[in-house]
Amino acid sequence: MALRTFAFVQLDVFTNRPLEGNQLAVFPDARGLSDEEMQKLARETNLSETTFIFPRDKAIEQREGTKVRIFTVNEELPFAGHPTLGTAWYLRQNSLAGEIVLDLKVGKVPVRFDHRDNRLFGEMRQVDPEFGPSHPHADVAKVLGIPVSELDESLPIQTVSTGMWFTMVPFRSLATLQNLKVSWHQMAAYLRGLGGNSFFYLVSRETVSPDATLHARMIFYNGEDPATGSAAGCCAAWAVRHGVLPSGQQGLIEQGIETRRPSSIYIRAEKRGDAVTNVRVGGHVVQLINGTVTM
């Protein structure tokens, strides 16, 4: 069989500085790749996610958006935040459109662009949140191996989804969150009870930067994520629902400091009665690598 060549780029997402933020590989034309080959390529890049773009007829794309599939090293995801922002940012480089719409497994996700600090800034609108169960602070503290007094009991521990399920866990102290030693194995058994693709998102209202609203960490089976856009959308919905962030006001999540890849994730959402809607997650992107894969 003749060798095939596929172009790819590597981006740093949720940062305006190279070698920070969350890494993403994007294959701009994945036509001809099988599901198995995409999964193998995601393992080859060994990043938290790799995306594959499937160009279609312009009329279809105008109506339905650009078809994109997202893979981790282990599985395909219906939605993930930094791959959505990074892939849309890449597509925007060859377009003057103010909005790029991605056709993902979770549905259509629009990403709007403007300029901030003389750089292109993208902001995705995630699907409206679904609020799941709340959890006893004592149970979660036991899972994390800390005294319950280290959690902020004035705020609920609650599971939220805007395409993936994340359980918001508020800490009382930044120092406790930064020094937390917990493994995925410790958390996995508890999280399995919440269904597949479920994770903790650990947050503190005490922050490193005076400009940040929340400090966050997300530890999962592949290590620790420098920036988790899907979790940030859930966090925005949770924060607005429970008064951490005023409705409609933009907040800033700092993440990745512990992994030495600091990230800045901008969030906002609106509360209308008992409902939370218009969940927005945004940030900057830097392109770092252009390459080809021959296989």
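All of the numbers you see were taken from the coordinates with simple rules; none came from a lab. Note that the coordinates shown come from a computational prediction; the quantities given were computed from them, not determined experimentally. Cβ placement follows ideal geometry from the backbone for every residue including glycine, while neighbour counts extend to all protein chains displayed.
Observations, loosely collected:
- Across all directions, the shadow cast by the convex hull of the range 65-221 built on its C-alpha atoms averages 10.6 square nanometres.
- Relative to the longest principal axis of the Cα atoms of the chain, the long axis of helix 229-241 lies at roughly 40 degrees.
- Local electrostatic count, GLN10, Cβ distance below 13 Å [Lys/Arg +1, Asp/Glu -1]: -3
- Within the chain, helix-based [θ] at 222 nm, where runs of 4 or more DSSP H residues each add -39,500 (n - 2.57), nearest 500: -6500 deg cm²/dmol
- Pairs of alpha carbons in the range 126-169 separated by more than 15 Å make up 45% of all such pairs.
- Taking θ as phi - 60° and the Karplus parameters 6.51, -1.76 and 1.60, the scalar couplings of the range 10-18 work out to 10, 10, 10, 10, 6, 7, 10, 10, x Hz in sequence order, x denoting glycine and proline.
- Those lysines that a straight Cα-Cα span of less than 18 Å connects to LYS181, excepting residues fewer than 8 apart in one chain: LYS142
- The range 130-276: relative contact order as a whole-number percent, Cα under 8 Å and 6+ apart: 18 percent
- Model label sites at GLN93 and ALA59, defined 7 Å from Cα along the beta-carbon direction, differ in position by 3.1 nm.
- Its Cα gyration tensor gives the chain an equivalent ellipsoid; the semi-axes, largest first and in whole Å, are 31, 21, 18.
- Once C-alpha pairs closer than 8 Å and six or more residues apart are averaged by separation and normalised to the residue number of the chain, the relative contact order reads 22 percent.
- Each 10 Å bin from zero holds the following percent of Cα-Cα pairs in the range 130-276: 12, 46, 37, 5.
- Excluding same-chain neighbours fewer than eight residues apart, the lysines reachable from LYS105 by a Cα-Cα span under 27 Å are LYS40, LYS58, LYS67, LYS271.
- Degrees separating the helix 35-45 axis from the principal Cα axis of the chain, which is the longest one: 70 degrees
- Cα centroid separation, the range 1-67 to the range 224-295 (Å): 21 Å
- The chain - charge dipole about Cα centre, Lys and Arg +1 at Cβ, Asp and Glu -1, debye rounded to 20: 300 debye
- On the basis of the beta-carbon distance and an R0 of 35 Å, VAL148 and ASN74 show a calculated FRET efficiency of 0.60.
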